[in-house]
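Input: a single structure, listed below in structure tokens.
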Amino acid sequence: MRKFITYAAACILLWAGACLPVRADGRIQETQDVITIVIDPGHGGENEGTIENGFQEKSMTMVTARAMYEELSKYDNVEVYLTRTTDVDLGLDERAAFAASVDADFLFSIHYNASLSHELYGSEVWVSAFAPYNAYGYQFGMVQMETMRDMGLFLRGVKTRLGDNGDYYGIIRFAREQEIPAVIIEHCHVDEETDVPFCDSTEDLEAFGRADALSVAKYFGLKSEELGVDYSAYSAGELAAASPNQKVARTTADQTEPDICQITLKDANFNTGETTFEITAADYDSMLLYYSYSLDGGETYSPRQPWPNCDVVEGTYQDIADVTLQIPSGRQPHVVFRAYNLYDLYTESNTVDFLQTFLYAETEGDVEAAAGEAAMEKTADSEETTEPSESSLPGTSTFRPELPEEEQANPQVDFFSFLAVCLVIVVFLLALVVLSQMIADSRRKKRRRQRRRQDGETDQRHR
Ligand SMILES: [Zn+2]
């Protein structure tokens, strides 16, 4: 019995340990007394980087890198360098070699992102997959995640990517050859409407630079007399736990799609269009980041929505969640969901087919506001899940699929079928009335015949 209790207690402790958020720790990278920081404004010269949506990455990175340089220069005991200060071509190996020439403690490469699908949004940090640079990058990256979250950005995590020769990204690979930890900071996506407001002015780009400087100051535990700040305690005890000899499991590239994605219909209101699905999904290797949904059986999808309660800093997400969609009037939807993991791989759910068309009156104003809106809600623990105001919270969708012409004709088709059904019922009722009349008539005749027969018999007796 005692053995069992000890075993159970050990299990509970292990379980509690696994459930706890990432333990805080001190910085594991050792540095010189005066810390040398190299900032690399990504791209330059012929290499413009991302050119999307009227943005030009090579000039954006310069604005941010300069602001980061200015801010970091206000700290004590630091030496700060830029790999380039003008619009020139500079090889990735040359950037790493420059960092080595000034004996850098860390190389920060500044970037802005765009995706082929133009669907991605959020902030991420790429780090080396190899010890000890992986752990150094991870400890810095998690600080940067918190800084970006405080600015209001969606988080896409601290990640690694392998190529044929080691780390996929050249700046990280060449820096590692020089024994210098390096990370790529991808601030946000210039081609996606969620992120554009964060980067569409010089002030915004400079704000990113100052934010990056704050992360660096926290990571290294810098002090600044000029700014009146001291992050030495932060660096000594607030960083994510990591070991220099071991790759941080959470940074491992997930190369498989999410393991589970299933939906069940919980509630459909054909008078309002509000429809709630329970979505059950999981990724055993990384975590879930976004979901999207289709109303046409998977032909077109909504923009990606943040996965319910996904927290990249804690590494957690909700694996069973209620999601409420607003089905536009006139639709007979075939609903499919997609669950996306940290590496943008997705798994599609089963399809929920509706046999009935949603038909409800929408006022002029309501049509715009209500159609296609999706509201994410917490399961069970939230009682406000059906409040319509939820749909105006961040993370809601404005997906409004265009109706194909046949589908728009649906309401009329349904009106005529309704008339036909009414007609059939009326004919049926009439037939019923006629039939009952005939039955009643025949009974009456029978009774009369019987009476006549009885009368005859009486007559005979009396005779
Ligand atoms: Zn770039």
Review point. For THR64, what accessible area in Å² do you get when you roll a 1.4 Å probe over the heavy atoms of the protein chains, rounding to the nearest 10?
Key: 0 Å²
Practice item. Quick one: grab the alpha carbon gyration tensor of the range 71-159, order the square roots of its eigenvalues as a ≥ b ≥ c, and give me rounded if a/c is under 1.5, else prolate or oblate depending on whether a/b is larger than b/c. Key: prolate
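Considering only the other residues whose Cβ falls under 13 Å of the Cβ of GLU119, what net charge follows from Lys and Arg at +1 and Asp and Glu at -1?
Numbers: positive: ARG156, ARG304, ARG338; negative: GLU52, ASP191, GLU192, GLU193, ASP195, ASP344.
In short, -3.
Hand me the GluC sites (Glu not before Pro) from the range 260-304 located in a DSSP loop with no more than 12 other Cβ atoms within 10 Å, in residue order please. Numbers along the way, then the final one.
Details: sites: GLU274, GLU278, GLU299; in loops: GLU299.
Passing sites in the range 260-304 are GLU299.
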Check your understanding: Cα centroid distance between the range 145-181 and the range 297-332, in Å?
Key -> 28 Å
Review point. What distance in nm separates the simple spin-label points at LEU227 and GLN437, each placed 7 Å from Cα in the Cβ direction?
Key: 9.5 nm
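Please say if the range 24-251 is rounded, prolate or oblate, where rounded means a/c under 1.5 for a ≥ b ≥ c the square roots of the C-alpha gyration tensor eigenvalues, and otherwise the choice is prolate for a/b larger than b/c and oblate otherwise?
Working: a/c = 1.30, a/b = 1.22, b/c = 1.06.
Taking the square roots of the gyration eigenvalues as a ≥ b ≥ c, the range 24-251 is rounded.
Can you tell me how much longer the chain between ASN165 and HIS118 gets when fully stretched, taken as 0.36 nm per residue apart minus their C-alpha distance, in nm with one decimal? Walk me through the intermediate numbers first.
Numbers: separation 47, 0.36 × 47 = 16.92 nm, distance 2.90 nm.
Residue separation times 0.36 nm, minus the Cα-Cα distance, leaves 14.0 nm.
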Practice item. Grab the other residues whose beta carbon is less than 12 angstrom from that of ALA211, score K and R as +1, D and E as -1, and report the net. Key: -3
Review point. Ignoring ligands, DNA and RNA, how do ARG210, ARG176, ARG331 rank by accessible area with a 1.4 Å probe, largest first?
Key: ARG210, ARG176, ARG331
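Please give me the summed charge of the neighbours of TYR301: other residues whose Cβ is under 12 Å from its Cβ, Lys and Arg +1, Asp and Glu -1. Let's see the in-between values first.
Working: positive: ARG304, ARG338; negative: GLU119, ASP296, GLU299, GLU348.
Every neighbour counted, the sum reads -2.
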Review point. If you take the square roots of the eigenvalues of the alpha-carbon gyration tensor of the range 20-125 and sort them as a ≥ b ≥ c, do you get rounded (a/c under 1.5), prolate (a/b over b/c) or oblate?
Key: oblate
Exercise for review: At 1.4 Å probe size, with no ligands or nucleic acids counted, give the accessible surface of THR202 in Å², nearest ten.
Suggested key: 70 Å²
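Compute the length gained on full extension between ASP33 and ALA97: take 0.36 nm times their separation in residues and subtract their Cα-Cα distance, giving the result in nm to one decimal. Don't skip to the end; give the middle numbers.
Values: separation 64, 0.36 × 64 = 23.04 nm, distance 2.19 nm.
In short, 20.9 nm is gained.
The values are calculated or read from the model by the stated rules, or taken from the named source; none is laboratory data. Since the model is a prediction, treat every value here as computed from it, not as a measurement. Quick reminder, even Gly has a Cβ in these numbers, built from the backbone with ideal geometry, and neighbours come from all protein chains shown. Keep in mind that these areas ignore ligands, DNA and RNA; they rest on the heavy atoms of the full protein, side chains included. Shrake-Rupley method; radii C 1.70, N 1.55, O 1.52, S 1.80 Å.
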